[in-house]
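Notes to accompany the following structure.
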Amino acid sequence: MYVWSKRLVVGMLIGFAALLGLFLIQGTGEEPSALKAHTVQWITLNYVGLMIWIFVWMIDQTRVRGRNIWAWLVPFLIAPLPTLMALILFLQRPMKG
């Protein structure tokens with residue numbers, strides 16, 4: 001990919017592992033809701049990681065096609081999936097020569 005670098009990927013993996021370790025340490029409580037809190041943290045961590053990955057992919061695709069990505073940032077933060085679908089449709093339009 002055009003945008004990814006080894007430092008970025010390694011940094012994201014280290015951050016993911018650190019947050020996962022933090023969640024596992026916090027999730028060892030004896031209360032019945034500890035599993036529920038751990039599950040919510042796990043889902044949130046995965047969702048945020050997926051959104052970062054998708055946005056980096058969007059940056060990559062728009063740079064390859066010579067388009068501007070920053071106009072898509074606010075809609076992506078509000079509604080990621082519809083924005084991703086709209087971006088894909090937008091990028092499929094033929095480019096003016």
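The values are calculated or read from the model by the stated rules, or taken from the named source; none is laboratory data. All of these numbers come straight from a predicted model, not from anything done at the bench. Every residue, glycine among them, receives a Cβ derived from its backbone with ideal geometry; neighbour counts consider all protein chains shown. Ligands, DNA and RNA are excluded from the accessible area calculation, which covers all protein heavy atoms including side chains. Shrake-Rupley method; radii C 1.70, N 1.55, O 1.52, S 1.80 Å.
Structure data summary
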| quantity | calculated |
| --- | --- |
| Filter result (under 22 Å from M12 (Cβ atoms) and in contact with a helix residue (DSSP H, G or I) (Cβ under 7 Å, 6 or more places away or on another chain)) within the range 63-97 | I69, W72, F76, P80, T83, L84, L87 |
| Residue in the range 48-69 that is more than 30 Å from G21 (Cα to Cα) and either in contact with a strand residue (DSSP E or B) (Cβ under 8 Å, 6 or more places away or on another chain) or without any contact (Cβ under 8 Å) to a residue 24 or more places away in the chain (or both) present | yes |
| Residue count, the range 1-54 (criterion: more than 13 Å from the chain's Cα centre (by Cα), at pLDDT 80 or above, open to solvent by 90 Å² or more (accessible area, probe 1.4 Å) and among the β-branched types (V, I, T)) | 1 |
| Search result, residues across the range 58-97 that are in a helix (DSSP H, G or I) and surrounded by 15 or more Cβ atoms within 10 Å (Cβ to Cβ) | M58, I59, D60, Q61, T62, W72, F76, P80, T83, L84, L87 |
